[in-house]
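Reading through the structure tokens given below for one structure.
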Amino acid sequence: MLELYQFKHSTFCLKVRMVLQAKKMSYRTVEIVPGIGQVNVFRLSGQRKVPVLKDGENVIADSSAIIEYLENITKEPRLLPDQSQESTNVHIIEDWADTTLAKYVRMELIKAAAIDQSLREALLPEDFPVSLKGLINNLPCELINGLTQALNNEKSNILLHSLEKISNLVRNNQWLVGNSLSIADIAVASQLSLLCFPASAGTNLVGKGCSGYKDNPLLDPLFKWRDNLEQLLLDKDPASI
Ligand SMILES: N[C@@H](CCC(=O)N[C@@H](CS)C(=O)NCC(=O)O)C(=O)O
């Protein structure tokens, strides 16, 4: 059985889970505790980040490398197109989603969590001791928020602008590249989870996220597209995707 070493709310781990779902592959997840739990990740893979996939003797780190491995062992549906122009476009979008988009959504979530107590609480693991929850909720968050906002406004505008463009695109197109699902769709959709958590994040988090994004009417088509994609991966036979 495939084993996915993960942090529950990591966008890169979600990216790999979406691929496993698209390919209807069975797997089990191993939850890693950030910090101390990463010692085991290091022992297993020689580096400390998740996701890490273990398939018998094979241990693969990095979401893109894992997906390439999965694509080789389970061909359908093809998520990395063969055609050279489509494969270039998919590669560029995946790279943008994994770097720029990933960095900006993480910054926005930190900013949102600094002012939103219910979001901070929902992000804590379910088994987090109740006695410590109060401590975390009482941090002087408005202060932290003031600082981060001053640093990030320009970047927020860049992020919003890119997301509005993608939102417009998915109004009329089901897929970002070509006529079928690809890693480009999955890479973008998985990073969006930090701006507006999807159903798969669980009842505590679904619909929570970052103001200015999750409640922005211009991004409505984008989050609907993401929700539809998640639903499709749960429902469909891989051959029909
Ligand atoms: N390029 C890597 C990025 C993985 C990554 O940044 N993982 C984060 C969780 S989202 C992590 O493990 N961070 C812990 C650390 O840096 O120690 C991928 O695509 O898998």
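Just so you know, all these numbers are worked out from the coordinates, no wet-lab data involved. Given the structure is predicted, the values throughout are model-derived calculations rather than measurements. All Cβ positions, even for glycine, are placed from backbone atoms using ideal geometry, and neighbour counts span all protein chains on display.
Under a Cβ-only charge scheme (Lys and Arg +1, Asp and Glu -1), can you give me the dipole magnitude of region 2-73 about the Cα centre, in debye to the nearest 20? Don't skip to the answer; put the middle values down first.
Values: 10 positive and 7 negative charges, 50 e Å.
Here region 2-73 has a charge dipole of around 240 debye.
Quote the relative contact order of the chain in percent (integer), defining contacts as alpha-carbon pairs under 8 Å separated by 6+ residues.
23
Hey, if you put +1 on the Cβ of every Lys and Arg and -1 on every Asp and Glu Cβ in region 1-52, which of A22, V33, P51 ends up farthest toward the positive end of that dipole?
A22
Is there a pair in K24/K111; K75/K208; K54/K214; K111/K224 whose C-alpha atoms are over 28 Å apart, and which pairs would that be? Don't skip to the answer; put the middle values down first.
Numbers: K24/K111 36 Å; K75/K208 35 Å; K54/K214 35 Å; K111/K224 24 Å.
Result: K24/K111; K75/K208; K54/K214 exceed 28 Å.
Quick query: amide H of V30 versus all other amide H atoms, modeled in the peptide plane; which residues come in under 5 Å with a sequence gap of 5 or more or a different chain?
For V30, the qualifying residues are L4, Y5, Q6.
Tell me, in nm to one decimal, what length is gained between N168 and T99 on full extension, where the rule is 0.36 nm per residue of separation less the Cα-Cα distance?
22.7 nm
Can you tell me the alpha carbon radius of gyration of the chain divided by the globular rule-of-thumb value 2.2 N^0.38 Å?
Against the empirical 2.2 N^0.38 Å value, I get 1.03 for the chain.
Given R₀ = 51 Å, FRET efficiency for N58-H161 by Cβ-Cβ distance, to 0.05?
Numbers: r = 41 Å, r/R0 = 0.80.
After rounding to 0.05, the efficiency reads 0.80.
Just how large is the dipole of the chain about the Cα centre, in debye to the nearest 20, putting +1 at every Lys and Arg Cβ and -1 at every Asp and Glu Cβ?
Working: 25 positive and 28 negative charges, 65 e Å.
With Lys and Arg at +1 and Asp and Glu at -1, about 320 debye.
Quick test of the membrane-span-like rule: which DSSP H helices of the chain reach at least 24 Å along their long axis (C-alpha atoms) with mean Kyte hydropathy at least -1.0?
141-172
Can you pull out the trypsin sites (Lys or Arg not before Pro) in region 174-241 whose DSSP state is coil and whose Cβ has at most 16 other Cβ atoms within 10 Å?
Values: sites: K208, K214, K224, R226, K236; in loops: K208, K214, K236.
Counting only loop positions with at most 16 other Cβ atoms within 10 Å, the trypsin sites (Lys or Arg not before Pro) in region 174-241 are K236.
Using only the alpha-carbon atoms, what does region 31-116 span along each of its principal axes? Please give whole angstrom values in decreasing order.
Dimensions of region 31-116 along the principal axes of its Cα atoms: 45, 34, 19 Å.
At E154 and M1, where each label point lies 7 Å from the Cα along Cα→Cβ, what is the point-to-point distance in nanometres?
5.0
Evaluate the distance, in nm, between pseudo-label points positioned 7 Å from the Cα of T203 and of S84 along their respective Cα→Cβ axes.
5.4
For the chain, give me the percentage of DSSP beta bridges that are antiparallel, rounded to the nearest 5 percent.
In the chain, DSSP labels about 60 percent of beta bridges as antiparallel.
Sum -39500 (n - 2.57) across every DSSP H segment of at least 4 residues in the chain, then divide by the residue count to get the 222 nm mean residue ellipticity, nearest 500.
Computed ellipticity for the chain at 222 nm equals -17500 deg cm²/dmol.
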